[in-house]
Amino acid sequence: MDLQSGNLNRIKVVLVEKKRTAKWLAEELEKSPATVSKWCTNVSQPVLYTLDKIATLRDIDKRELITGKY
């Protein structure tokens, strides 16, 4: 994980790869678009439970959201 550049999660990358938007994710998780935007820009981080839900929605291993490796 590249902590120095602030890349703490890969949510934005995974959404782009899966052709989904942050707005879609916000609706699916019943979160505000502002909250999801903060996750996508690494201003804040979702709790582990939410990371697991995101992984399930995108049909990926949750480790891919954090490290890019699975």
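Nothing in this text is a laboratory measurement; each read-out follows from the coordinates by a stated rule. Note that the coordinates shown come from a computational prediction; the quantities given were computed from them, not determined experimentally. As a convention, Cβ positions derive from the backbone with ideal geometry for all residues, glycine included, and neighbour counts pool all protein chains shown.
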Seminar exercise, completed: Of SER44, SER37, the only residue that is in contact with a helix residue (DSSP H, G or I) (Cβ under 8 Å, 6 or more places away or on another chain) and either surrounded by 15 or more Cβ atoms within 10 Å (Cβ to Cβ) or aliphatic (A, V, I, L, M) (or both) is SER37
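So, in segment 6-27, of the ones that are part of a loop (DSSP other than H, G, I, E, B) and in contact (Cβ under 8 Å) with a residue 12 or more places away in the chain, which residue ends up farthest from the chain's Cα centre (by Cα)? Write out each step before concluding.
Step one: list which residues in segment 6-27 are part of a loop (DSSP other than H, G, I, E, B), which gives 6, 8-10, 18-21.
Within this subset, residues satisfying the condition of being in contact (Cβ under 8 Å) with a residue 12 or more places away in the chain are 6, 8-10, 18, 20.
Working: GLY6: 14, LEU8: 10, ASN9: 6, ARG10: 6, LYS18: 12, ARG20: 11 Å.
Here the residue is GLY6.
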Problem set entry | Pairs with Cβ under 7 Å, 6+ apart, first in segment 39-68 and more than 19 Å from LYS23 (Cβ to Cβ), second exposed (fewer than 13 other Cβ atoms within 10 Å of the Cβ) and hydrophobic (A, V, I, L, M, F, W, C) | ILE66/MET1; THR67/MET1
